[in-house]
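I have placed the structure first, in the form of structure tokens, so that the comments after it can refer back to it.
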Amino acid sequence: MKHLIDPTDLTVNEIAEIIAVAEDIIANRDKYSEVCRGKKLATLFYEPSTRTRLSFTAAMMELGGNVLGFADAKSSSVSKGETVQDTVRVINCFADIIAMRHKVEGAPLAATEVSRTPIINAGDGSHSHPTQTMTDLLTIKRELGTLNNLTIGLVGDLKYGRTVHSLIKAMTRYENTKFVLISPPELALPDYIKRDVCDRYGVEYRESNDIESVIGDVDILYMTRVQQERFTDLEEYERVKDCFILDAQKMRGAKERMAVLHPLPRVNEIAIEVDADPRAAYFRQVENGKFVRMALILKLLEWQNEEERTFDHGGKAMGCKCPNPLCISNLEPVRPRFEASEIEPGVVRCVYCESKAE
Ligand code: CP
């Protein structure tokens, strides 16, 4: 069974296949209007969403299929204490494929352990958001024509931003990727991404305190919101917050051929005046999300019976506990599993949320 829990569950070739199908859908919409006739997608959203849930819904409708599910866990039997795995066993009786968003990290991976249908991670806590990454990759390809030789500036909340974590994991696999990490120290990229992703694949990254000094170097500027609620020191927030707002003045320093992406929602980190700039790609990015999700649904349904397709998050019980209180292994009856870091000797990480075990 092929699932999509982490961007690296797809090989580079499989990503290329999905992007090619998405581009074919864009060019030949009618050809795909009946291909999922009789199929059902379940959208299990335990956390709020506008783009991801509705683009999955629109995607399945445009493929001729049907959609069922919930947009709020309170309206499901989760509110009575049903576990993620039991919910998935039930939904397997009704749907052919499941897209799940959960605030608990590792919940979609736990779902794969019991599911008879493909599971798509539609965002799990601060951990991962692989379908946003597929959206980002299609957008980068359409805006710049390539996924190779790109310098990507990542701005804002790099600590809790799951879209950033997933995009870095995906882009390390393309030729000559470089990252510029632009965040306040409180929201710096987690260590596991620097060590086990960037260092492991020898990908160059540098850190910066402001957009202005680096904007001229980047091909992609990936904006995210600086989340005031994450700061313990509000004075520190006040000091740094405006360094991470993109406006027309800052855009004057950018390359002529570059693209500004944002997973959205935006609050104030991109001034409205930037929307009129042809390099502002974030609303085109939203539409790409529907096309890439159409392609993903099609390919996962096609691949589910192909034995050569792999899905393995590995790990084994090591007698330790995940320190992350928001990890599924601490919240539901899921057996904790850990894997040794390939970069840091003696370090083991939880397979569900990638936290370093204590
Ligand atoms: N980009 C994204 O995940 O948006 P939603 O939270 O609205 O789904």
* To do: Output the residue which, of all residues in the range 39-58 that are of a type in the set (D, E, K, R) and either more than 8 Å from the ligand (Cβ to nearest atom) or at pLDDT below 95 (or both), is nearest to Gly125 (Cα to Cα).
  => Glu47
* Asked: Can you spot a residue in the range 15-38 that is under 30 Å from Arg266 (Cβ atoms), modelled with pLDDT of 95 or more, outside any helix (DSSP H, G or I) and of a type outside the set (Asp, Glu)?
  -> no
* Asked: Counting only residues that are more than 8 Å from the chain's Cα centre (by Cα) and among the β-branched types (Val, Ile, Thr), which one in the range 122-139 is nearest to the ligand (Cβ to nearest atom)?
  -> Thr135
* Structure fact -> By residue number, the members of the range 140-152 that are touching a strand residue (DSSP E or B) at 6+ places or on another chain (Cβ under 6 Å) and either within 12 Å of the ligand (Cβ to nearest atom) or polar (S, T, N, Q) (or both) are Thr151
* **Entirely in the range 149-257, the helices (runs of 4 or more DSSP H) that have 3 or more residues that are open to solvent by 80 Å² or more (accessible area, probe 1.4 Å) and at pLDDT below 95** => 234-240
* Asked: Under the condition of being open to solvent by less than 60 Å² (accessible area, probe 1.4 Å) and within 15 Å of the ligand (Cβ to nearest atom), which residue from the range 267-285 is nearest to Met61 (Cα to Cα)?
  -> Gln285
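Does the range 326-334 include one or more residues that are within 27 Å of Tyr201 (Cα to Cα) and either out of contact with any helix residue (DSSP H, G or I) (no Cβ under 8 Å at 6 or more places or on another chain) or surrounded by fewer than 12 Cβ atoms within 10 Å (Cβ to Cβ) (or both)?
The answer is yes, given that some residue of the range 326-334 is within 27 Å of Tyr201 (Cα to Cα) and either out of contact with any helix residue (DSSP H, G or I) (no Cβ under 8 Å at 6 or more places or on another chain) or surrounded by fewer than 12 Cβ atoms within 10 Å (Cβ to Cβ) (or both).
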* Asked: Is it the case that Gly64 is over 30 Å from Phe283 (Cβ atoms) and either more than 16 Å from the ligand (Cβ to nearest atom) or open to solvent by less than 10 Å² (accessible area, probe 1.4 Å) (or both)?
  -> no
* **Residues within the range 141-150 that are closer than 11 Å to Glu175 by Cα and touching a residue at least 24 places away in the same chain (Cβ under 8 Å), tallied** => 4
* Unmet requirement for Thr57, which otherwise passes all of (1) within 22 Å of Val334 (Cα to Cα); (2) buried (at least 16 other Cβ atoms within 10 Å of the Cβ) -> (1)
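Looking at this structure, is Val155 farther than 26 Å from Phe56 by Cβ, within 20 Å of the chain's Cα centre (by Cα), within 16 Å of the ligand (Cβ to nearest atom) and not assigned by TED's automatic domain parsing to the domain that holds Ala16?
yes
The values are calculated or read from the model by the stated rules, or taken from the named source; none is laboratory data. The structure presented is a predicted model; accordingly, all values stated were derived computationally and were not measured. Note that we place each Cβ from the backbone using ideal geometry, even for glycine, and neighbour counts take in every protein chain shown. With ligands, DNA and RNA removed, areas are computed over all heavy atoms of the protein, side chains included. Shrake-Rupley method; radii C 1.70, N 1.55, O 1.52, S 1.80 Å.
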